[in-house]
Amino acid sequence: MPLDVYLETFGCQMNELDSELVSSQLRALGYRFTERIDDARVVLFNTCSVREHAEQKVWSRLGELAVRKVRQPELVVGVLGCMAEREGDGLMKRMPVVDILVGPAELDKLPALLDNAVRTRISLAIDAPAPPPPEVDSLPSFIKKSLVSAGQIALQGTSSRRSQTLAAAGDQLELLDLSRATSPDDHSGSAYVRITRGCNKFCTYCVVPFTRGAEIHRPPEHIVDECKRLADAGIIEVTLLGQTVNHYRFEHGAAVTVDGVTQPQKGRVYRTGEDFADAYAGERVTTFAGLLKRIHDEVPGIQRLRFVTSYPKSFGNDVLQVIRESPRICRYLHVPAQSGSDRMLKAMNRGYTVQEYLDFLARAREFLHQPEIGRPLTVAGDIIVGFPGETEEDHLATAELLRTARYKNCFIFKYSPRPGTTAYDKLADDVPEETKRRRNNELLKLQLEISTRVGEEFIGRTMQVFVQGVSKRDSKRRAAEAACGTGSPGVESWASRGVALSIEGRVAPSTPVSAAGVAELKTPSEDLPNEMGGLPTQLSGRTEGDLIVLFDAPAGRSPESLVGQIVPVWIESSKMLSLMGRLAISAGV
Ligand code: SAM
Ligand code: SF4
């Protein structure tokens with residue numbers, strides 16, 4: 001009988017992609033997925049360690065499962081991702097409810113471990129001898145494996161794993177990305193594609209280089225092929241993922257092939273932007289600019305090509321030039337500054353000054369900000385407040401940076417000391433929590449004002465919007481009305497489907513686009529009502545610059561028929577982080 005698995009993802013887009021790959025692998029082996037944790041025989045948490053708060057959520061969820069496991073001993077619990085890597089078998093000792101622990105670099109081993117854990121749990125529940133440990137004993141020695149107690153097993157990469165893996169020229173994790181299966185009937189129209197793993201930057205506050213290892217670049221052929229397969233399945237938007245995407249570089253002369261599979265390559269450490277001026281080294285080297293160009297030119301089915309996250313240093317004009325020349329590459333950059341104070345940037349080991357950061361933004365805008373042809377550049381950022389030693393003067397400098405950078409939105413985080421990082425070991429966390437909170441709130445308030453003003457620049461324009469689903473407001477309204485049966489006749493079934501649409505974003509596969517780049521709207525496949533309680537259904541989507549746009553499904557159209565399409569929306573107003581508009585076709589624009 002198939003086992004029901006509940007998989008919950010904490011943290012970043014990289015984790016969302018890992019979860020998708022893991023579920024696709026488990027589905028192929030016959031596991032079924034459930035959205036209700038209470039129905040699951042296997043519970044997997046894919047965890048994040050970037051801030052302590054994210055880890056605390058997982059600890060408390062594990063505490064709840066410990067209570068459940070007393071009455072349901074056959075329950076299998078797995079912790080995947082960065083917490084598994086950072087905490088190691090100590091996590092299992094503290095939380096014996098956990099059966100499996102798999103770090104981000106060992107996710108391809110999950111099926112073997114899960115199979116063994118399920119068999120062990122059954123034998124423990126019926127008091128029979130546990131099966132022998134899984135084949136993980138035959139794993140190479142560079143993988144740290146610990147059998148903590150009966151049935152419990154932890155897999156972590158060791159810090160030297162990367163170099164040894166490359167020396168052995170066998171990166172099994174690449175096979176996980178390569179094995180991705182996307183069904184044409186079961187996707188949101190949008191997908192992530194990894195281009196690099198890990199990070200070489202060692203910002204002093206950050207755990208990522210420790211939990212995800214050194215920077216590794218995937219072969220460009222694998223990335224382009226993956227994009228082609230996604231496009232064939234009906235995906236129209238691809239977001240390339242990496243911690244420092246602009247550092248992507250693959251040297252073909254140094255490529256190693258094992259069993260017919262080209263292996264990923266170690267990243268190198270760059271000193272200046274000049275290193276990136278060789279994008280057109282042709283067949284010898286594929287740089288980030290070359291990779292973008294290849295995907296854009298070779299996979300025209302991808303109507304939106306995006307990438308995150310960019311590092312403000314070593315971002316060459318070659319990349320900006322390729323974006324400018326390519327109509328399907330989004331003019332959107334997520335390029336964190338972290339602070340507006342040079343003193344803080346130095347303590348964070350970011351490797352640039354505030355002026356260098358602003359010079360980069362000015363250069364990017366010079367190349368890419370063309371509102372006159374309907375192609376403005378939008379920029380998003382990240383800021384950390386309350387880093388050790390941050391004074392009021394540093395804080396004011398960061399506020400000034402926000403005003404100058406004019407982000408369309410900015411993620412503002414309170415500094416969270418992370419064990420194992422340089423900041424944790426060497427710098428006292430000396431900014432009081434109350435001060436961190438106040439600075440955080442001040443910057444959030446300032447950024448909201450800036451975001452509203454940036455949004456106002458779009459009023460009166462028609463923007464191409466990728467429709468993602470029913471807006472949060474209407475999803476809640478539908479769920480509430482469905483729960484108390486107050487929806488209009490025929491609405492209840494749609495109400496529950498509306499929620500599913502916005503949560504899972506399941507859509508029809510393709511969006512035809514006319515030569516003019518305007519979506520030819522699909523005929524509604526079903527006669528679903530477009531209003532509830534007399535009000536039209538509000539849809540939510542994103543512009544190429546990642547601005548959120550809210551608009552009402554027009555009368556006589558099923559909202560479902562618009563989801564997953566790129567449609568023209570005429571912008572009427574800007575409110576905080578969202579633009580409000582009208583479907584241009586119905587508005588007659
Ligand atoms: N690689 C990306 C870069 O450097 O731009 C960011 C990746 S990191 C997972 C996402 C964001 O988390 C960072 O940009 C930073 O603002 C924030 N972050 C990382 N470590 C943090 C910490 N210890 N405390 C608070 N925020 C942190
Ligand atoms: Fe962390 Fe810095 Fe690497 Fe980003 S660049 S993942 S903040 S170490």
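The values are calculated or read from the model by the stated rules, or taken from the named source; none is laboratory data. None of the values given here were measured: they were computed from a predicted structure. Cβ coordinates were reconstructed from backbone atoms using ideal geometry, including for glycine residues, and neighbour counts include every protein chain displayed. Heavy atoms of the whole protein, side chains included, go into the accessibility calculation; ligands, DNA and RNA do not. Shrake-Rupley method; radii C 1.70, N 1.55, O 1.52, S 1.80 Å.
Observations
- Counted residues, the stretch 325-342 - those being more than 17 Å from Pro371 (Cβ to Cβ), touching a residue at least 40 places away in the same chain (Cβ under 8 Å) and out of contact with any helix residue (DSSP H, G or I) (no Cβ under 6 Å at 6 or more places or on another chain): 4
- Residue that is least open to solvent (accessible area, probe 1.4 Å), among those in the stretch 422-462 that are hydroxyl-bearing (Ser, Thr, Tyr) and touching a Pro at 6+ places or on another chain (Cβ under 9 Å): Thr462
- Qualifying residues in the stretch 361-390 (those that are out of contact with any helix residue (DSSP H, G or I) (no Cβ under 9 Å at 6 or more places or on another chain) and outside any loop (DSSP other than H, G, I, E, B)) - the one surrounded by the most Cβ atoms within 10 Å (Cβ to Cβ): Ala380
- Cβ pairs under 9 Å, 6+ apart, first in the stretch 225-244 and within 18 Å of Glu544 (Cα to Cα) and among the acidic types (Asp, Glu), second assigned to a loop (DSSP other than H, G, I, E, B) and at pLDDT 95 or above: Glu237/Ile302; Glu237/Gln303; Glu237/Cys330
- Selection count, the stretch 215-237, where residues are touching a Gly at 6+ places or on another chain (Cβ under 9 Å) and surrounded by fewer than 19 Cβ atoms within 10 Å (Cβ to Cβ): 2
- Residues in the stretch 348-357 that are surrounded by fewer than 21 Cβ atoms within 10 Å (Cβ to Cβ), touching a residue at least 40 places away in the same chain (Cβ under 8 Å) and assigned to a loop (DSSP other than H, G, I, E, B): Asn349, Gly351, Tyr352.
- Filtered residues of the stretch 242-252 (kept if near ligand 1 (Cβ under 10 Å from one of its atoms) and part of a loop (DSSP other than H, G, I, E, B)): Gly242, Gln243, Thr244
- Strands (runs of 3 or more DSSP E) (entirely within the stretch 282-341) containing at least 1 residues that are within 16 Å of ligand 1 (Cβ to nearest atom) and at pLDDT 95 or above: 304-308, 332-334
- Whenever a residue of the stretch 568-583 is within 12 Å of Ser451 (Cα to Cα), its partners that are surrounded by fewer than 18 Cβ atoms within 10 Å (Cβ to Cβ), lying with C-beta atoms within less than 7 angstrom and at least six residues away or across chains, give the pairs Ser574/Thr452; Ser574/Glu456; Ser574/Ile459; Lys575/Thr452; Met576/Leu448; Met576/Thr452.
- Top-ranked residue in the stretch 1-32 [being within 15 Å of Val118 (Cβ to Cβ) and among the aromatic types (Phe, Trp, Tyr); ranked as surrounded by the most Cβ atoms within 10 Å (Cβ to Cβ)]: Tyr31
- Within the stretch 432-463, tally of residues that are closer than 12 Å to Gly386 by Cβ and among the hydroxyl-bearing types (Ser, Thr, Tyr): 1
- Per this entry, Leu345 is counted among residues that are in contact with a Ser or Thr (Cβ under 8 Å, 6 or more places away or on another chain) and either open to solvent by less than 10 Å² (accessible area, probe 1.4 Å) or part of a strand (DSSP E or B) (or both).
- Close pairs from the stretch 249-269: first closer than 25 Å to Val319 by Cα, partner open to solvent by 80 Å² or more (accessible area, probe 1.4 Å), Cβ under 8 Å, at least 6 apart: Arg249/Arg268; Glu251/Arg284; His252/Glu283; His252/Arg284; Gly253/Arg284; Gln263/Thr257
- Members of the stretch 171-200 found to be buried (at least 21 other Cβ atoms within 10 Å of the Cβ) and within 16 Å of ligand 1 (Cβ to nearest atom), listed by number: Arg194, Ile195, Thr196, Arg197, Gly198, Cys199
- Counting residues in the stretch 496-504 that are at pLDDT below 70, part of a helix (DSSP H, G or I), of a type in the set (Lys, Arg) and open to solvent by 40 Å² or more (accessible area, probe 1.4 Å) gives one or more.
- Each residue in the stretch 566-589 was checked for being touching a Gly at 6+ places or on another chain (Cβ under 8 Å) and surrounded by 16 or more Cβ atoms within 10 Å (Cβ to Cβ), and 7 pass.
- Any hit, the stretch 42-57, residues being of a type in the set (Asp, Glu) and open to solvent by less than 40 Å² (accessible area, probe 1.4 Å): yes
- The listed residue being within 26 Å of Gly213 (Cα to Cα) and modelled with pLDDT of 95 or more, out of Lys408, Lys426, Lys445: Lys426
- Residues in the stretch 536-560 that are within 26 Å of the chain's Cα centre (by Cα) and either part of a strand (DSSP E or B) or surrounded by fewer than 22 Cβ atoms within 10 Å (Cβ to Cβ) (or both): 11 in all.
- In the stretch 202-241, the residue that is farthest from Met83 (Cα to Cα) out of those that are more than 16 Å from ligand 1 (Cβ to nearest atom) and assigned to a strand (DSSP E or B) is Glu237.
- Pro417, sole failed condition from (1) away from ligand 2 (no atom under 15 Å from the Cβ); (2) surrounded by fewer than 18 Cβ atoms within 10 Å (Cβ to Cβ); (3) part of a loop (DSSP other than H, G, I, E, B): (1)
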